[in-house]
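Contents: one structure, followed by commentary.
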Amino acid sequence: MTAAVAEGRVLRAPTWGLWDVLIGMVGAIVLGLGVGLAFLVTDTPFVTTALLGTLLPWIVLAGYPILVARLKGNGARIDFGLRLTWGDTGWGVIGGLVSLLLAGIAAVVTQQFFPEVTSAAGEVADELTDQGGRAAVLIFAVMLMVGAPIVEELFFRGLMFSALRKRGVGSVLTIIISAVVFAGFHIEPLRFLVLLPSGIVLGWVRWRTGSTGAAMVTHGMINAPGALALLVGVPDVSP
């Protein structure tokens, strides 16, 4: 049996899998809750709570996939398709436009039943504007437009997508499962049907290109209008 070779080196069979997905997800949730509780007990200012409370769980959500790919595989570039070519970028842009259209339709339908629904990001931005000023809102908007796409795609379309495929799950079911978990992970039940189409498109872009970087471009486009809306003071139009 001939060993696979990529980038001039012999590849090894990755031993990361769905257990690592569970560990990473639980770790991010526990860290987020722990940080939130610690800030609550110590009466930490809201600006610090919001920004660090968002940032610190990302260390697990993004750092853990990179770590397991390095220790138990061939690195995130090879194992999770962490690359970005001009072709990947093009498909990422197409995915972003399609996702914005589908999410917009889903949002209109959702608001027919829940007219007062708002996003958690919009509510946080409201508080940041009142207590932290424009600088805090700017940092938060950049986190949404740049940070969240990198972190979430590395986990959901990187580790999770690859772990499902490694277990022999078909491409269509992998796209659906990763989309459902992605939408549910945001813990915004009233916006689940808005997030779900985006998750499906993100999975399709990952499958079509084999590139997690392409999915990051799509995700960035999805979040960009909402992030820009936060900057101009329209938090109801948020990611």
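The values are calculated or read from the model by the stated rules, or taken from the named source; none is laboratory data. Note that the structure is a prediction, hence the values are computed from the model and not measured. Cβ placement follows ideal geometry from the backbone for every residue including glycine, while neighbour counts extend to all protein chains displayed.
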Residues (farther than 17 Å from Leu51 by Cβ and among the basic types (Lys, Arg)) located in segment 113-157: Arg157
Segments classed as helices (runs of 4 or more DSSP H), wholly inside segment 82-173, with at least 2 members that are touching a residue at least 24 places away in the same chain (Cβ under 8 Å) and among the hydroxyl-bearing types (Ser, Thr, Tyr): 86-113
Given (1) farther than 28 Å from Leu128 by Cα; (2) of a type in the set (Ser, Thr, Tyr); (3) outside any helix (DSSP H, G or I), number of the condition Tyr64 does not satisfy: (3)
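From the list Arg208, Arg157, Arg167, Arg134, exactly one residue is surrounded by 23 or more Cβ atoms within 10 Å (Cβ to Cβ) and charged (D, E, K, R). Which is it? Outline the logic, then answer.
On the way: Arg208 fails: surrounded by 23 or more Cβ atoms within 10 Å (Cβ to Cβ); Arg167 fails: surrounded by 23 or more Cβ atoms within 10 Å (Cβ to Cβ); Arg134 fails: surrounded by 23 or more Cβ atoms within 10 Å (Cβ to Cβ).
Sole residue among the options that is surrounded by 23 or more Cβ atoms within 10 Å (Cβ to Cβ) and charged (D, E, K, R): Arg157.
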Residue list for segment 138-154, filter: surrounded by 22 or more Cβ atoms within 10 Å (Cβ to Cβ) and more than 8 Å from the chain's Cα centre (by Cα): Phe140, Ala141, Leu144, Met145
Of residues in segment 211-238 being part of a loop (DSSP other than H, G, I, E, B) and at pLDDT below 90, the one surrounded by the most Cβ atoms within 10 Å (Cβ to Cβ): Ser238
Single condition Ile187 does not satisfy, out of (1) at pLDDT below 95; (2) in a helix (DSSP H, G or I): (2)
